[in-house]
1. Can you name every one of the helices (runs of 4 or more DSSP H) wholly within the stretch A:136-208 that holds 1 or more residues which are closer than 21 Å to residue A:68 by Cβ and at pLDDT below 95?
2. Name the single residue, out of those in the stretch B:90-107 being closer than 12 Å to residue B:203 by Cα and in contact (Cβ under 8 Å) with a residue 24 or more places away in the chain, that is surrounded by the fewest Cβ atoms within 10 Å (Cβ to Cβ).
3. Filter the stretch A:9-37 down to residues that are over 15 Å from residue B:122 (Cα atoms) and surrounded by 15 or more Cβ atoms within 10 Å (Cβ to Cβ) and give me whichever is farthest from the other protein chains (Cβ to nearest Cβ).
4. Give the stretch A:75-101 a look and list any residue that's more than 7 Å from chain B (Cβ to nearest Cβ), assigned to a helix (DSSP H, G or I) and buried (at least 17 other Cβ atoms within 10 Å of the Cβ), or say none.
5. Which of (1) crowded, with 21+ Cβ neighbours inside 10 Å; (2) over 17 Å from residue A:83 (Cβ atoms); (3) within 14 Å of chain B (Cβ to nearest Cβ) does residue A:138 not meet, given it meets every other one?
6. Out of all the residues in the stretch A:115-133, is one or more closer than 30 Å to residue B:297 by Cα and either touching a helix residue (DSSP H, G or I) at 6+ places or on another chain (Cβ under 9 Å) or without any contact (Cβ under 8 Å) to a residue 60 or more places away in the chain (or both)?
7. Could you pull out the residue among B:189, B:254 that is loosely packed, with under 14 Cβ neighbours inside 10 Å and more than 13 Å from chain A (Cβ to nearest Cβ)?
8. Filter the stretch B:24-50 for residues that are more than 23 Å from residue A:152 (Cβ to Cβ) and surrounded by fewer than 16 Cβ atoms within 10 Å (Cβ to Cβ) and give the result.
């Protein structure tokens, strides 16, 4: 029996290796053909252009970075403040109502977020900023910010709750108000947990594809807030179904780049989680 | 005494009156911000729910739920999508459940090599962190292309097995850890073999955790779209299980609910129907969340 269970356990490692190897093996040929510098720093992505195709993914890399940064900028303050409310301020009854709300937000399928973004956000941006198409980086940022909220809230709430009560009691006894205690004692004490929440949010935002495929416009422009843009993820998603040849191989190269981003984020996340455990 | 002070607003309001203006401003400002943020999150969900139900309910007829679309009859329907969703869930769980539970048993009951345990746990975390578009990419490459399955239910289910494995392993492991060590010692002391002990004592007392894992995995599969779009395809035609049998069913392509929503919204610009599918998805999400909570509550009761 033990052998059988060992195989089950080992299979997780096999899957990771399989994915890594497949992405490297299928991602490298296109990079070799296009040239690493040309691929990573080329500003033109015209994969379907028959006469003069270009495979530069700098616009996608920058879009993914800007989009993620924007989502973090909006999502983290709101998520953190909500976590403080849930962990410290709210009465158990109120928190018992809001927590399921957060869980439900986490469970809503990403295409549903995309649909609502498409029908509400995109027309709103088109009318407010008088752009020809409302499908833009801004729309994607807002959708991403909403989608990363639940994970930021629940991870920071857990971190805030784990702060030893004595810290807060000492601070209160010295005359600090409750809110001063939460923000200047509890939050710094929970900082690695909160950092883990932020990194988790980054991972979520940089990996999301379908929701932003529906609101970002999918043109590989250099990113500005109101232009139609293509993320690393939507670059793969929008062409995967019909691509062939070098174009298809280039998609796997984009996948490899995205995979490297995610692996860096994983390492970072582990560092923060380990530090949190040691605290 | 301190217990009543922490987390009790009236006390702090009374306290705030004796503060310097700067500290009072900080107190009031921060409190406002906290309430604003929490209010915003709640308002967001209320808006999402009411907007989707308002847009989707009018077109949600019984016929839409129970028929396949037909251009000839002029009928729109998502029955095939509902069926495909169920098929994919069942096919995925049938494979991932033994694998995941087995892995969790190995990690908590058998493994003695600390390094190997760390490696497996690290691999599980890595799998959990990989975004679904990469699963779509690798799944379409490995299962659809290399193994020659094409865009089929089986290719999609296999990809989802890899994706949901961490969920099952983690929840099962958590609940195996809560089984008291004395149960194991008692069973072993009475002369049971290790596998007999696991089968008759450990697994039955952690069945709640396994069920929770299943519910979470189902939630993930229902909400997944990228993987299914590129490994199962978007055909909207009816599958005939009773006419064609299991193997031809698994080798056919088809769209699930999320893919159907995407097709309606993005390819056909039929937003009314897209919202109706969204209502169905939201109801399923609600049910799944509720089920997970109920099972979780049962779990905690058992622990006591």
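The values are calculated or read from the model by the stated rules, or taken from the named source; none is laboratory data. These numbers come from a predicted model, not from an experiment. Every residue, glycine as well, gets a Cβ built from its backbone with ideal geometry; the counts of neighbours run over all protein chains shown.
1. Working: elements: A:137-161, A:165-173, A:178-181, A:191-207.
Fully inside the stretch A:136-208 and qualifying: A:137-161, A:191-207.
2. Ranking the qualifying residues of the stretch B:90-107, first place goes to B:101.
3. Of everything passing the filter in the stretch A:9-37, A:34 is farthest from the other protein chains (Cβ to nearest Cβ).
4. A:75, A:76, A:79, A:80, A:83, A:86, A:87, A:95
5. (3)
6. Going through the stretch A:115-133, the residues closer than 30 Å to residue B:297 by Cα turn out to be none.
Taking every residue of the stretch A:115-133 in turn, none turns out to be closer than 30 Å to residue B:297 by Cα and either touching a helix residue (DSSP H, G or I) at 6+ places or on another chain (Cβ under 9 Å) or without any contact (Cβ under 8 Å) to a residue 60 or more places away in the chain (or both).
7. After ruling out the rest, the residue left standing is B:189.
8. Taking the stretch B:24-50 and keeping what is more than 23 Å from residue A:152 (Cβ to Cβ), we get B:24-28, B:50.
Result: B:24, B:25, B:28, B:50.
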